[in-house]
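Q: If you scroll down you'll find the structure; I have some questions about it.
The values are calculated or read from the model by the stated rules, or taken from the named source; none is laboratory data. Fair warning: this is a prediction, and the values are worked out from it, not measured in the lab. No Cβ is skipped: glycine too gets one built from the backbone with ideal geometry, and neighbour counts run over all protein chains shown.
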Amino acid sequence: MKFFFFIFFLACNFLLCQTIPNEFKEFHKRKLLIDSGKNWDQNSIFGPPRIINSKSKSDSLIINSRFGIQAFNKARSLYGYGHFTYKDNFHGYLYSRVVNYPDLFERYSGIPRDISRYGFTSGENDQSGICFENDWLIFQFGRGRESWGAGNDIQLGLSENSNSYDYGMLDLDFKNLRVRYFNGYLETDTLFVNRYITGRGIEWNNKKNFLLGLSEVVIYSGKNRVIDFSYLNPISTHLEIELNDKQNDLGTDSGNGIWQLSMDYLFRRSLKFSFNYLIDEFVLDKVQKDANKNSEGGFSFKILYSSNILSEHNLLNIYFSTIKIGTNTFRHEDGKNNFVAREEPLGWSHGSDGRESKFGLNLYSDSINMLVSGNLGKRDLGINSITENSYSPYIDYSSAVFPSGDFRKILFAQIGIQWWYKPYLSFLIKFDHEKVEKHDNQSKLEAGFDIYFPLHTKI
């Protein structure tokens, strides 16, 4: 009876999103290698990095799990992770955390409680889901996040740093051609307005040095609105659905769509160019142009040089990146359709109405298991970013000064070191400094550790 209860527990809880938790060493290493062009066949505009499943040809249920503690400054987190594989194609996992100070953790949206248990006040599943996967198909349902765009850390509309949400995803891989579709639920507010997200995209990868992708992402909402079957069609488009009144909640303000063109190019195996161009609102009609309505959007660019220094076990990346996102980008005339989830941006962490340029480096040593990263740059943030008044609609779409208002001019520098002393024990130190014009300087130092206990089982 205990055995069958255990199997039932796994089936209900160890569910899959198939992405690697952001805190894991495997996540950082995969990003560095892909950004360096080392594993170009794994490069995709559809991120974040996913687990690579080995072909065991076993009929056993293979379970890999870990239970750990993460601590930095006064923040504490207990986490559990489990991943199972059955007959190579059926997968699942669960990544859960309980924390003491929810505001101190990135990508955390659990609600703090009035009471604490052993000092912990909140808990949530960051990732969970079930998945069927083979050489050409991924079909999954669960909780996680999508990160769409070329070049690591310069995503615009959907980012690996957003709060998680529940969604179903279909991915088809035809060697050089890949398509992906997802449809999910974001949240419901106190007025019973339900918010949904859907996206579809296509990419072409020559598996050598060139990647090109085109995508569309839509957020739609409505009071007591159920999931819209018109958006369940993966081969469709927001414009055709909305302009022809095919949605279950009629009206031109029922959805907010963005379109993105992405490109990755590797030059002579060491120099990589990444580019994303995003359009939020099309201005095509003469009456709109005469009214001084402006097409909003954004772009990002990154040039990166990679090299193995001293030995093949040391990887150095040096890069320059720039991001610009318009004042009204990601906002909508119905503020419930803004690109946010639980008041946090779904894309660029600073929201919108801003620009940023920075130089940086990443140095990873496989021999001593250490990652050193640092960057410095300049950031301008306007007063109408969706990080502020996240569910407010845009005021107007007329051309205006960018960034808006009395915008903040910020000079920043960051440095971080993470050392995996043992596979299951790592130490982290991170220093952030910001100099804001007309304001006091801000500095933050974080130091902590991550320790876990692995468990590998075959049933």
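Residues checked against (1) at pLDDT 95 or above; (2) surrounded by 15 or more Cβ atoms within 10 Å (Cβ to Cβ):
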residue: Thr198; (1), (2): yes, yes
residue: Lys223; (1), (2): no, no
residue: Leu232; (1), (2): no, no
residue: Ile235; (1), (2): no, no
residue: Gln247; (1), (2): no, yes
residue: Thr252; (1), (2): no, no
residue: Phe267; (1), (2): no, no
residue: Phe299; (1), (2): yes, yes
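Q: Further question on the same structure: Only one residue in Tyr364, Tyr452, Tyr394 is touching a helix residue (DSSP H, G or I) at 6+ places or on another chain (Cβ under 6 Å), surrounded by 13 or more Cβ atoms within 10 Å (Cβ to Cβ) and aromatic (Phe, Trp, Tyr), so which one is that?
A: None of the other options fit; the residue is Tyr364.
Q: Assuming Glu160 fulfils every condition listed in (1) of a type in the set (Asp, Glu); (2) under 23 Å from Tyr79 (Cβ atoms); (3) part of a loop (DSSP other than H, G, I, E, B); (4) free of Cβ contacts under 8 Å to residues at least 40 places away in the same chain apart from one, which condition is it?
A: (4)
Q: Being surrounded by 24 or more Cβ atoms within 10 Å (Cβ to Cβ) and acidic (Asp, Glu) is the filter here; which residues of region 320-355 pass it?
A: Within region 320-355, Asp353 is the sole residue that qualifies.
Q: Among the residues that make up region 143-157, is at least one of them within 28 Å of Asp88 (Cβ to Cβ) and touching a helix residue (DSSP H, G or I) at 6+ places or on another chain (Cβ under 9 Å)?
A: no
Q: How about region 80-113: which of its residues are within 25 Å of Ile417 (Cα to Cα), in contact with a strand residue (DSSP E or B) (Cβ under 8 Å, 6 or more places away or on another chain) and free of Cβ contacts under 8 Å to residues at least 24 places away in the same chain?
A: Gly80, Pro102
Q: Which is part of a loop (DSSP other than H, G, I, E, B) and either acidic (Asp, Glu) or in contact (Cβ under 8 Å) with a residue 12 or more places away in the chain (or both), of Ser352, Ser357?
A: Among Ser352, Ser357, only Ser352 is part of a loop (DSSP other than H, G, I, E, B) and either acidic (Asp, Glu) or in contact (Cβ under 8 Å) with a residue 12 or more places away in the chain (or both).
Q: Residues Ile63, Ile69: which one is modelled with pLDDT of 95 or more, surrounded by fewer than 21 Cβ atoms within 10 Å (Cβ to Cβ) and of a type in the set (A, V, I, L, M)?
A: Every option except Ile69 fails the conditions.
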